[in-house]
């Protein structure tokens, strides 16, 4: 499938509050290494900056990042700052707070509500911004209620540090809890072909409420945290990809985007060729029979 002329607007647009984004965005996690959670491989700095700039050239105006996306020599936020500042008016940068890592990369206990301001300010410092467009509270499994954390973010929005609030790694009950406190512009959860009925229910709920649903790891399987794609093992995906002259990753992205007009995609890569293929996936349309074949898996 052609990848050099397609731009991100081929997938259409969505509103994150008062911010318009192309539904095909970019996730910055892999710019720091094979994955933010793997301290082994280190990406070439110049190539990572080229990828970010090329993404914007291709119409990507929604970039997902976090201060905890770093490897021994690379920080996703610093790369974004170096590559894209001064930022275009239409560029939306979404980040996450909640998890934290020490300088060695070890995970810390989930942030308390009163610690979120420090995480927000660290994102502001690294990105070189005076406010954050979207901040997702990324719930860790030990956090049962999101109320106090979301309330703390609502206070930071009132203080002018945050423009919009989202939630991540949540169940339907967490979203309902958050909505009693503040408007929520997006839900960022793991989702892709083969997701559970509960995941599909939450996706549909977001559509009914006009909330963006933003899957992560949409093109990868169980090895996603370690950067290993499972698409080559999926014969159905591979067969549909062959029929379209596309890659399995492009088919997975196309399927994801066709789950609803409110569904966004934030595939990440440190490779220029893969970036262009991901953006081109926004123009790939699967027919009803293909969608049904994939949705049965």
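Of all residues being touching a residue at least 40 places away in the same chain (Cβ under 8 Å) and outside any strand (DSSP E or B) in the stretch 151-164, which is nearest to the chain's Cα centre (by Cα)? Just the residue, please. Within the stretch 151-164, the match that is nearest to the chain's Cα centre (by Cα) is 153.
Contact map, the stretch 6-19: residues that are modelled with pLDDT under 95 paired with residues that are crowded, with 21+ Cβ neighbours inside 10 Å, Cβ distance under 7 Å, separation 6+ or inter-chain. Pairs shown: 6/279; 6/280; 6/282.
Based on what the data block shows, is residue 167 closer than 24 Å to residue 18 by Cα, in contact with a helix residue (DSSP H, G or I) (Cβ under 7 Å, 6 or more places away or on another chain) and either in a strand (DSSP E or B) or at pLDDT below 95 (or both)? Spelling it out, residue 167 is indeed closer than 24 Å to residue 18 by Cα, in contact with a helix residue (DSSP H, G or I) (Cβ under 7 Å, 6 or more places away or on another chain) and either in a strand (DSSP E or B) or at pLDDT below 95 (or both). Could you tell me whether any residue of the stretch 227-240 is buried (at least 18 other Cβ atoms within 10 Å of the Cβ), touching a helix residue (DSSP H, G or I) at 6+ places or on another chain (Cβ under 7 Å), over 25 Å from residue 268 (Cβ atoms) and modelled with pLDDT of 95 or more? No, because not a single residue in the stretch 227-240 is buried (at least 18 other Cβ atoms within 10 Å of the Cβ), touching a helix residue (DSSP H, G or I) at 6+ places or on another chain (Cβ under 7 Å), over 25 Å from residue 268 (Cβ atoms) and modelled with pLDDT of 95 or more. Meeting the requirement of 2 or more residues that are touching a strand residue (DSSP E or B) at 6+ places or on another chain (Cβ under 9 Å), the helices (runs of 4 or more DSSP H) wholly within the stretch 231-297 are 248-257, 272-280.
The values are calculated or read from the model by the stated rules, or taken from the named source; none is laboratory data. Being a predicted model, the structure only gives us computed values, none of them experimental. In this analysis, Cβ positions are derived from the backbone assuming ideal geometry, glycine residues included, and neighbour counts consider all displayed protein chains.
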